[in-house]
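**Q** One structure, pasted below without further comment.
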Amino acid sequence: QVQLVESGGGLVQPGGSLRVSCTASGSNFGFDTMAWYRQAPGKQRELVASIFGSAYTNYADSVKGRFTISRDNAKTTVYLQMNSLKPEDTAVYYCNNGRGSLRWGQGTQVTVSS
C-alpha cells in the first residue's frame, strides 16, 4: 500500500520562502507523474504543480514563476520550493500522483502571514 508523507510546512512571512517535501513508499514512483495539491479553508483541493520524469513540469497560473517542483527518484521524494509567498498561498499542501489516485497523506500546513 502506498504511503505519502508530507513535511516542511510552517509559518512564513509574505515574500518569504519555504520548501515542502513528500516521501512516497510502495509506489512506482519513478514511472509516475507526481504532483502537489493544496486545499485552503473552505475551498476545494487544487492542483498546484506536477512533474513527469525529471524535466517536464506544469504549474497553476497562480504559482507560475514562484514555485518549483522537483523530484529525487532515488529517495522517492518530491519537493516543492515556494518563493515570494503570498497570504493566498496559505493552505494544507498534499502530494499525490498526477491523477490524485493514491491514498492521501496528512498534508503539511503552510501559513503565510505577517
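**Q** Looking only at the range 58-78, how many residues end up being under 23 Å from GLY26 (Cα atoms) and either free of Cβ contacts under 8 Å to residues at least 12 places away in the same chain or surrounded by fewer than 19 Cβ atoms within 10 Å (Cβ to Cβ) (or both)?
**A** 7
**Q** Moving on to the next point. Tell me which of these LEU85 doesn't satisfy, since it passes every other one: (1) part of a strand (DSSP E or B); (2) open to solvent by less than 70 Å² (accessible area, probe 1.4 Å).
**A** Looking at each condition in turn, LEU85 falls short on (1).
**Q** Filter the range 25-58 for residues that are part of a strand (DSSP E or B) and under 21 Å from THR111 (Cβ atoms) and give the result.
**A** Listed by number, the residues that qualify are TRP36, TYR37, ARG38, GLN39, GLU46, LEU47, VAL48, ALA49.
**Q** Residues that are under 16 Å from ARG99 (Cα atoms) and either surrounded by fewer than 16 Cβ atoms within 10 Å (Cβ to Cβ) or in contact with a His (Cβ under 9 Å, 6 or more places away or on another chain) (or both): does the range 5-20 have at least one?
**A** No, that holds for no residue.
**Q** Can you say whether ARG99 is basic (Lys, Arg), surrounded by fewer than 17 Cβ atoms within 10 Å (Cβ to Cβ) and in contact with a Gly (Cβ under 8 Å, 6 or more places away or on another chain), as far as the supplied structure shows?
**A** no
**Q** A further question on this structure: So which residues in the range 88-114 are of a type outside the set (Ser, Thr, Tyr), outside any loop (DSSP other than H, G, I, E, B) and touching a strand residue (DSSP E or B) at 6+ places or on another chain (Cβ under 7 Å), if there are any at all?
**A** Across the range 88-114, the qualifying residues are ASP89, ALA91, VAL92, CYS95, ASN96, ASN97, GLN109, VAL110, VAL112.
**Q** List pairs: first residue in the range 87-106 and closer than 14 Å to SER25 by Cβ, second residue of a type in the set (Asp, Glu) and open to solvent by 20 Å² or more (accessible area, probe 1.4 Å) anywhere in the structure, Cβ distance under 7 angstrom, at least six positions apart or on different chains.
**A** Here the result reads ASN97/ASP32, each pair linking the range 87-106 to a residue that is of a type in the set (Asp, Glu) and open to solvent by 20 Å² or more (accessible area, probe 1.4 Å).
The values are calculated or read from the model by the stated rules, or taken from the named source; none is laboratory data. This is a predicted model, so every value here is computed, not measured. Cβ coordinates were reconstructed from backbone atoms using ideal geometry, including for glycine residues, and neighbour counts include every protein chain displayed. With ligands, DNA and RNA removed, areas are computed over all heavy atoms of the protein, side chains included. Shrake-Rupley method; radii C 1.70, N 1.55, O 1.52, S 1.80 Å.
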